[in-house]
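Here is the structure we will look at.
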Amino acid sequence: MNVYADNAATTVVSQTALQAMLPCFTEQYGNPSSVHETGRKAAQALDAARARIAELLRAEAKEIYFTSGGTEADNWAVQIALASGAKKNKRHIVSTAFEHHAILHTLKKAEKNGAEVTLLDVHTDGLARVEEVAAAIREDTALVTVMYANNEIGTLQPIAEIGKLCREKGVPFHTDAVQAMGHVPVDVAAQNIDMLSLTAHKFHGPKGAGLLYCRGGIPVPVFMEGGAQERGKRGGTENVPAIVGMAAALEEACRNMDEDNLRVSRLRDKLIDAVSSIPLSRLNGDRRRRLPGIANFVFEGIEGEGLLLLLDMAGISASSGSACTSGSLDPSHVLLAIGLPHEVAHGSLRLSLSALNTEEEVDYIIKTLPPIVERLRGMSPVWERIKKGA
Amino acid sequence: MAYSSAVMDHFANPRNVGKIDDADGIGEVGNAKCGDIMKIYLKIDDNKIQDVKFNTFGCGAAIATSSMATELIKGKTVEDALSLTNKAVIEALDGLPPQKIHCSVLAEEAVKAAIVDYYQKNGLEAPEGVKQCTSCCGDCTMH
């Protein structure tokens, strides 16, 4: 049996998104900036996609800037906040220790250029605390950026509360909603979100399309010099097929959200119950406040890569926050941020489900995983020590 | 990251996994914090590696290099085993991804640590220049 349980890495493109995209390659293939009818048709498709996505976010079309994906949108959001802040001598940014590297590395670079960054603790439950955000905000805070849901462990952050707080304090609030969009309700108006990043391929859209939502009134500096695309802020011919696919995929995901979430979270909980019964294993992050599809575990005494390779041989695609997958020797910064010791954090496994996963597939994972853990533990000197209680 | 079929074979079907209760030499290198620990057990008789077993905590390459290192020294003289290099392990596995080279270094060190342990247990002087650790991870139990 083949089971794709790595939907937090990327998802299969849905039939709806694919069918929406196909005419953009062969019929509405024009350049949206062209004057002629072929170009105008592409421009119409682009406008319709922008309007539809804005509606789904409860934003306005002119507040949507299409990008190549979530990473670009995150980079851009930090630049926007720093540019605005610099005018008022504000160079302080508040974020969390377990953001995606698209934010963390961008903040590192900002620090080198004179910004000051406060990274908040996310506690053992993988949740940032609103009161700690409040305490970290200063006179010179230019941005608060907190991810909507963590990409490795799936915990949902108190976004509406942080949004309300930032609005009251007059500090711009950005959220990286890459993992959350299309999976949980997002409303930039009600949640007081000033900027938001998303990418299409996490909700059954194509790779290579994402966006930055930036509330009207916030000055947006040019991100990419070039043509007049994206209101002159990001030059370059728009990726019309992928943007159209993104709109179709998001519309479908939002339409089916309630129904899908009920089913997916039930499968996720079944997985959590079964996997947690493996001795010296644990679920990472708060059990309740999490995305419907993500469950992340650690198994003491083993290293994650071996687990992934053996699961792969059994037909199961999963991932790990483990060092080896990224080519570095350090374990996942997310697992370290929630307080796991290095040696335990090495043995992590992320299983991420989508609405396409079936109960049979989940049962297959539940049946396949324990003997694999046991096999790796059987050859592990660390496990031997743990067993002896050393 | 792509492993050769030899690495995948030694990972999926590791040779010489286990322990030797009355081992003549035991070597353990690495650190769980770094994500790799290798423990090698040697049974030495008549100056020959009569049997060798290993236990490894680590990634696919760590398990494969342990397995290959044990295969390369089995039946060899102690001196031959001591001259095992990480390069030989890499070659026998048809190469390793660059970020996994350190696994082959650990495998070489584990073998050497086990032989040094054998020398010490038998009151023998280890030959000059036996490299015990290259500090590849900087924080291992050999320090």
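The values are calculated or read from the model by the stated rules, or taken from the named source; none is laboratory data. Small disclaimer: the values here were computed from a predicted structure and weren't measured. We place every Cβ from the backbone using ideal geometry, glycine too, and count neighbours over all the protein chains shown. Note: areas computed on protein heavy atoms with side chains; ligands, DNA, RNA excluded. Shrake-Rupley method; radii C 1.70, N 1.55, O 1.52, S 1.80 Å.
Overview of values
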quantity	calculated
Conditions (1) over 30 Å from residue A:344 (Cα atoms); (2) in a strand (DSSP E or B); number of the one not met by residue B:40	(1)
Residue satisfying all of: in the range B:1-15; under 15 Å from residue B:89 (Cβ atoms) and outside any helix (DSSP H, G or I); most open to solvent (accessible area, probe 1.4 Å) among these	B:15
Any hit, the range A:171-189, residues being within 18 Å of the chain's Cα centre (by Cα) and polar (S, T, N, Q)	yes
Contacts under 8 angstrom Cβ, first residue in the range A:89-108 being on the phi > 0 side of the Ramachandran plot and of a type outside the set (Gly, Ala, Ser), partner at pLDDT 95 or above and open to solvent by 10 Å² or more (accessible area, probe 1.4 Å), 6 or more apart	A:89/A:140
Complete set of residues in the range A:172-183 that are closer than 16 Å to residue A:161 by Cα and not acidic (Asp, Glu)	A:172, A:173, A:174, A:175, A:177
Checking residue A:173 against (1) open to solvent by less than 10 Å² (accessible area, probe 1.4 Å); (2) free of Cβ contacts under 8 Å to residues at least 12 places away in the same chain, the condition it does not meet	(2)
Residue match in the range B:68-82 (condition: small (Gly, Ala, Ser), assigned to a helix (DSSP H, G or I), more than 11 Å from the chain's Cα centre (by Cα) and within 29 Å of residue A:344 (Cβ to Cβ))	no
Candidate set from the range A:284-303 (those that are within 24 Å of residue A:185 (Cβ to Cβ) and open to solvent by 20 Å² or more (accessible area, probe 1.4 Å)); member that is nearest to the chain's Cα centre (by Cα)	A:289
Selection from the range A:23-32 of residues that are surrounded by 14 or more Cβ atoms within 10 Å (Cβ to Cβ) and either in a helix (DSSP H, G or I) or of a type in the set (Ser, Thr, Tyr) (or both)	A:23, A:24, A:29
Enumeration of residues in the range A:355-390 that are among the acidic types (Asp, Glu) and loosely packed, with under 15 Cβ neighbours inside 10 Å	A:359, A:360, A:374
Within the range A:251-281, tally of residues that are open to solvent by 50 Å² or more (accessible area, probe 1.4 Å) and among the acidic types (Asp, Glu)	4
Of all residues in the range A:202-246 being in contact with a strand residue (DSSP E or B) (Cβ under 7 Å, 6 or more places away or on another chain) and in a helix (DSSP H, G or I), the one that is surrounded by the fewest Cβ atoms within 10 Å (Cβ to Cβ)	A:230
Matching option when the condition is part of a loop (DSSP other than H, G, I, E, B) and either over 20 Å from the mean Cα position of the chain (by Cα) or crowded, with 17+ Cβ neighbours inside 10 Å (or both), among A:59, A:54	A:59
Positions within the range A:355-390 being farther than 19 Å from residue A:308 by Cα and within 13 Å of another protein chain (Cβ to nearest Cβ), in sequence order	A:381, A:384, A:385, A:386, A:387, A:388, A:390
Wholly enclosed strands (runs of 3 or more DSSP E) of the range A:255-354 bearing at least 3 residues aliphatic (A, V, I, L, M) and either within 14 Å of chain B (Cβ to nearest Cβ) or over 13 Å from residue A:373 (Cβ atoms) (or both)	A:294-299
Qualifying positions in the range A:355-390 - assigned to a loop (DSSP other than H, G, I, E, B) and either touching a Cys at 6+ places or on another chain (Cβ under 7 Å) or not small (Gly, Ala, Ser) (or both)	A:356, A:357, A:358, A:379
Positions within the range B:16-56 being surrounded by fewer than 16 Cβ atoms within 10 Å (Cβ to Cβ) and within 12 Å of chain A (Cβ to nearest Cβ), in sequence order	B:18, B:19
Among (1) open to solvent by 80 Å² or more (accessible area, probe 1.4 Å); (2) touching a residue at least 40 places away in the same chain (Cβ under 8 Å), the one test that residue A:64 misses	(1)
Members of the range B:58-78 found to be in contact (Cβ under 8 Å) with a residue 40 or more places away in the chain and open to solvent by 10 Å² or more (accessible area, probe 1.4 Å), listed by number	B:68, B:71, B:74
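For (1) assigned to a helix (DSSP H, G or I); (2) open to solvent by less than 10 Å² (accessible area, probe 1.4 Å); (3) of a type in the set (Ser, Thr, Tyr), each residue gets a yes or a no:
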{"site": "A:90", "(1), (2), (3)": "no, no, no"}
{"site": "A:93", "(1), (2), (3)": "no, yes, no"}
{"site": "A:108", "(1), (2), (3)": "yes, no, no"}
{"site": "A:114", "(1), (2), (3)": "no, no, no"}
{"site": "A:119", "(1), (2), (3)": "no, no, no"}
{"site": "A:122", "(1), (2), (3)": "no, yes, no"}
{"site": "A:138", "(1), (2), (3)": "no, no, no"}
